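Notes follow once the structure below has been shown.
The values are calculated or read from the model by the stated rules, or taken from the named source; none is laboratory data. As the structure is a computational prediction, the values presented were derived from the model and not from experiment. No Cβ is skipped: glycine too gets one built from the backbone with ideal geometry, and neighbour counts run over all protein chains shown. Keep in mind that these areas ignore ligands, DNA and RNA; they rest on the heavy atoms of the full protein, side chains included. Shrake-Rupley method; radii C 1.70, N 1.55, O 1.52, S 1.80 Å.
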Amino acid sequence: YTTTFGLQVEVIEPAVKGTLNVLKACVEAKVKRVVVVSSRGAVAFNPRWPVGQIKDEACWSDKEHCAATKNWYCLSKTEAESEAFEFAKSSGIDVVTVCPSLILGPLLQPAINASSLALVRLLKGGFYFYHAYICFCTTPPRHLVASLSKKHDIFSCGILFNPNSVRISCRCAEGYDTLEEKIRMIVEFKVRMIVDVRDVAEALLLVYEKAEAEGRYICMAHLTNPRDLVDKLRSIFPQYDYPKRFIEGGEEDILSSEKLQRLGWSYRPLEETLVDSIESYKKAGILD
C-alpha cells in the first residue's frame, strides 16, 4: 500500500462503512432515530470559514483541506458524518449527530486512551501534544521542530502520527534518555476545548429523547490553555511533576455548543472533571 491508500483502507473506509452498516441495520429493525457520535474534527477544519468567527454546526471540515494536510482522522469523521446524513435522506431514518471536543473524565476501561493520555502526560511532565486536538494537527508543526532542534541539541526529530494519537520520536548525540530529560518539561501552548465524558453521555441521551432535536450538535464545555490547566492542576494535586515551559502553538478556532445548550444540555465544572479523571487514573494504576 501507499501511505495514502493504506490510511484510506485502515481509517476512512471503516469509519464510513461501519457507520452505514449500523444505519442499515437500524432501518431493518425499524429504529426511528439514530444518534451518531461524530467529532469536533468534522467541524473545525475549514479554511474558508471567516477568520475570527465562532464555528457552529453550519461549519463542516473541508474534505479537500483534510486530505491535503493528511489529516486522515478528521477526514474520516467528516466523511462518516456526511454519509450518515445522506443515508438519512434516502432512507427516511432520523439521524442526529453529536460532535464532542477533547473528552476527559473517569475511565471505564483499565487502559489509558488517547484523550486521557493528554492529561496524564501533563501530570508526568512529559512531552505533550494534542490528541483530538492532539490528533487534529497531522502536519508536523515546523515552529516546534525548529525550536526544539535549536534549543535542545536534537540530532534528528521525527513526528509520527496515527489517527488516534501523536507520538514524538527524537534522537540526539547524547542519547534518547538525555534528550527526554532535557525537553520533558516543554508543552505546546494552545487553547484546549474540553468536555466531560459523562456530559457527552447526557448529550447523547438528550438528543435521542428530545423530539425537537435535529441535525448536528457541537458538544464542548470548557476553553482553557495548558498553562492555566497546569496551574489549576497544581493547586489541586501539587505532588505531580508538571511542565515548566510552554511553546506558542498558534491560534485555535473556537467552537460553540450554544445549540446543544438551548436544547437543555448543561455541563459540570472543569475542576470536577479533572479531579474525577485523575482519581480514576490513580485507581487504575496509571499514575504509578
Worksheet item: Considering only segment 79-95, how many residues are over 22 Å from the mean Cα position of the chain (by Cα) and among the polar types (S, T, N, Q)?
Response: 2
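Looking at segment 63-93, which of the residues that are out of contact with any helix residue (DSSP H, G or I) (no Cβ under 7 Å at 6 or more places or on another chain) and open to solvent by 50 Å² or more (accessible area, probe 1.4 Å) is modelled with the lowest pLDDT?
Going through the qualifying residues, I end up with K70.
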Worksheet entry | Qualifying residue in segment 266-287 (condition: closer than 26 Å to V51 by Cβ and either outside any helix (DSSP H, G or I) or open to solvent by less than 70 Å² (accessible area, probe 1.4 Å) (or both)) | no
Practice prompt. Tell me which residues, restricted to segment 96-116, are over 18 Å from the mean Cα position of the chain (by Cα) and open to solvent by less than 10 Å² (accessible area, probe 1.4 Å).
Written response: V96
Practice prompt. Go through the residues of segment 30-45 one by one and say whether even a single one is under 16 Å from I254 (Cβ atoms), within 18 Å of the chain's Cα centre (by Cα) and open to solvent by 20 Å² or more (accessible area, probe 1.4 Å).
Written response: yes
Worksheet, complete the sentence: Considering residues that are part of a loop (DSSP other than H, G, I, E, B), surrounded by fewer than 14 Cβ atoms within 10 Å (Cβ to Cβ) and modelled with pLDDT under 90, the number found within segment 210-245 is 2
Worksheet item: Would you pick out the residues in segment 214-237 that are aromatic (F, W, Y) and in contact with a strand residue (DSSP E or B) (Cβ under 8 Å, 6 or more places away or on another chain)?
Response: Y217
Worksheet item: In segment 246-265, which residues are assigned to a helix (DSSP H, G or I) and touching a residue at least 12 places away in the same chain (Cβ under 8 Å)?
Response: E258, K259, L260
